[in-house]
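First the structure, in the form of structure tokens, and then the observations on it.
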Amino acid sequence: MNTAIAAIPQRMAKWSLTWALLLIVLSLFALTIPLITSFGALVIIGWLLVFSGVTQALHAFHSKVVGNILWKLFVATLYFVLGMYLLTNQLVGITSLTLILGIFFLAEGGIDLAAYIKAWRSDASLWILVEALATLILGVMILRQWPSDSLWAIGTLVGIGMLTTGISRLMISLAVYRLSESPRLQHQA
């Protein structure tokens, strides 16, 4: 049983490694075709909002209190209308999405920076810092060029964000894999 427990981090690291490599490959496609990536991201987000709106509306009728029903119907309508707006007004949607993406990257970079501060002594902490700084820089780049570069910026910057995330996840996975193979961990199991 101890051998099986010791193998869990190694198996998880292999799956994490696979997903990291897949993310890197997908990021290269996104960087090659940024305009299509921009519109693709917009369409995915638009449909997610539409489906969320429908789901929220269905869920609203399961509420017991009239105030909850009205609030959930309001939120459902907001999701649905916003999703349909993005799908039917794609140029305005891409410009808006570019602004939202810039703000999102700033927030994600801040959270990653906090994660680095918390885990700065671990083997993989350098890669967490690299991801945090790259994501913060991407957020600043998007917001400085908004709205003039909106058509290609989303695809390019999403591709770069995916690439840095894939590389950092790859390095973290390799660190976990090496740690799982260390004699000290196997001896403790």
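Here, each number is a calculation from the coordinates, and none is a lab measurement. All figures in this text were calculated on a predicted structure; none of them were measured in a lab. Cβ atoms come from the backbone with ideal geometry, glycine included; neighbour counts cover every protein chain shown.
Just a few scattered comments:
- Dividing the summed -39500 (n - 2.57) terms of all DSSP H runs of n ≥ 4 by the residue count of the chain sets its mean residue ellipticity at 222 nm at -31500 deg cm²/dmol.
- Structure-derived Cα extents along the principal axes in Å - corresponding label in [x] 53, 51, 23; [y] 59, 48, 28; [z] 50, 35, 31: [y]
- Extension gain from Leu22 to Phe104, taking 0.36 nm per residue of separation minus the Cα-Cα distance: 27.2 nm
- With contacts taken as Cα pairs under 8 Å at a separation of at least 6 residues, segment 1-140 carries a relative contact order of 19 percent.
- Under 19 Å from the Val92 label point (7 Å along Cα→beta-carbon), backbone N, segment 108-152: 147-151
- Translational diffusion coefficient of segment 69-146 (Stokes-Einstein, Kirkwood radius from Cα pairs, 10 °C, 1.306 mPa s): 109 µm²/s.
- Candidate lysines - alpha carbon under 16 Å from Lys14, same-chain residues fewer than 8 apart omitted: none
- Pairwise centroid distance, computed over Cα atoms, of segment 147-177 with segment 74-134, Å: 12
- When each of the peptides 85-91, 116-122 is scored by how many other beta carbons lie within 10 Å of its residues on average, the order from highest to lowest is 85-91, 116-122.
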